[in-house]
Amino acid sequence: MAELRIFSYLPNPRIWKATIAARLCGVDLEVRGAKPSELPDWLWDFDAKPLAAEEKAAYASTARAGRVGFKGGKLIKTDGFLLAHPFGTVPAAFSPDGATGIFESNSIMRAVARLGADRVQLYGRDRYEASRIDSFLDASLVFARDAQLYLLAFRGDDFAIDLHTRAAEAFAIYLSGIEQALHPDRRYLVGEALSLADICFVAELCLFSNERTRRASLLKRGLSPILADGWRDTYPRASAHWARLCEHPAFAPDVCPYLQKLDALAA
């Protein structure tokens, strides 16, 4: 039995925080899910699964309006799912018995690190390093929030220019901090070893890389891509750190196919 089960839309770079951490510290992880467009046909539960049409009818009374990323649709969420996940969102992680829900990708990643702490200390070697890691994870949340709103806005026709401005500011603040942390004699963001801070950075930047496929839409609106070619020159240490970790054996199985697909779509 897996030590942790995750239900999410797929692919989702934010759950890579957990899958990468699991590879590094030997945690048995189970991931269930499907494309976002298919999740309205799934049972949102510890035992998440696709439902046949007649099964969906039986669960009609549990259907609830979708929110961010699923607006306009109905999602079939069991009472048990909402008890474990009171905000009703994915990714949604569960303890092996399904009784305890863990939500938000950074917290799910922390759970994996705690489960594997006896093997690899991804959450720092002491309380001070753990707290510094938390600082990077907290700083990522502002960038992640503005990035999500920005990327989701491309799905509609009423793209708000201010979302581009906010995302650009959040990107600059976050990357400036990463660049500063990676001064010439430091190989990782915290301490002398790879940590959750590095994993989170890679996952969030991979997700933001979806912007590359929206270049034409941005130019049509008179806007420049935030993740333009020049970002590597502006943040050389951060970009080199990202590129190096993308090729790491624990990262590559998730990251490389995803970025290759984005490259093909952006071509």
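Read-outs throughout are calculated quantities, based only on the coordinates presented, and are distinct from any laboratory measurement. Since the structure is predicted, the reported quantities are computational estimates derived from the model, not experimental observations. Note that we place each Cβ from the backbone using ideal geometry, even for glycine, and neighbour counts take in every protein chain shown.
Key figures for this structure:
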| quantity | calculated |
| --- | --- |
| Cα-based Lys proximity count in the chain, under 13 Å, for pairs eight or more positions apart or on separate chains | 4 |
| For the chain: Kirkwood Rh in Å [reciprocal of mean 1/r, alpha carbons] | 19.6 Å |
| The range 206-267: C-alpha pair distances exceeding 18 Å, % | 43 percent |
| Per principal axis, descending, Cα span of the range 65-221 in whole Å | 49, 47, 20 |
| Amide proton proximity set for residue 32, modelled H, under 5 Å, gap of 5+ | 6, 7, 8 |
| Peptide ranges 158-169, 35-46 listed from the most packed, as the mean C-beta count within 10 angstrom indicates | 35-46, 158-169 |
| The range 4-115, Rg to Rh (Cα coordinates; Rh as Kirkwood inverse mean 1/r) | 0.97 |
| Least to most buried among 77, 261 (fewest other Cβ within 10 Å first) | 261, 77 |
| Among 180-188, 206-214, the order from most to least packed when residues are scored by Cβ within 10 Å on average | 206-214, 180-188 |
| Ordering of 6-12, 83-89 by burial proxy (mean other Cβ atoms within 10 Å per residue, highest first) | 6-12, 83-89 |
| Dipole of the range 127-266, positive end: most advanced residue of 142, 202, 265 [Cβ charges, Cα centre] | 265 |
| Counting DSSP beta bridges with both ends in the chain, the antiparallel % (nearest 5) | 60 percent |
